[in-house]
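Report on one structure; see the data block that follows.
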Amino acid sequence: MGKRKRSRFITEAARKELKRIRLERVLEKAAGAWKDEDHPELKKRTYQWVRDFREEAEKRFEEMTKTQMLIGAMVRNTENYG
């Protein structure tokens, strides 16, 4: 391995190790942040909660799409009269 490849290898290895150390520190600080009592909806009915969450997201997406279509139609309409 040439000098440049060695330097690149060492630099990349150091970068990966620093990233791993930072992640470890963040995870240590976050330990205990989640409390089950703060999320009673997930205690027994996680499956249903996920389904409800997805349905709400789908409805929001549909509403946004309708709004965007209406705005697009209005813009096209004003362009035709402009």
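The values are calculated or read from the model by the stated rules, or taken from the named source; none is laboratory data. Here the structure is a predicted model, which is why all the values come from computation and not from measurement. Heads up, the Cβs are rebuilt from the backbone with ideal geometry, glycines too, and the neighbour counts pull from every protein chain shown.
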Return the pairs, sorted by first residue and then second, in which the second residue is modelled with pLDDT under 90, the first residue lies in the range 28-40 and is under 18 Å from V50 (Cβ atoms), the beta carbons are less than 8 Å apart, and the residues are 6+ apart or on different chains.
D36/L42; D36/K43
Quick one: is T67 more than 23 Å from the chain's Cα centre (by Cα), assigned to a helix (DSSP H, G or I), free of Cβ contacts under 8 Å to residues at least 12 places away in the same chain and exposed (fewer than 10 other Cβ atoms within 10 Å of the Cβ)?
no
Residues that are of a type in the set (A, V, I, L, M), surrounded by fewer than 10 Cβ atoms within 10 Å (Cβ to Cβ) and either assigned to a helix (DSSP H, G or I) or touching a strand residue (DSSP E or B) at 6+ places or on another chain (Cβ under 9 Å) (or both): does the range 37-52 have at least one?
no
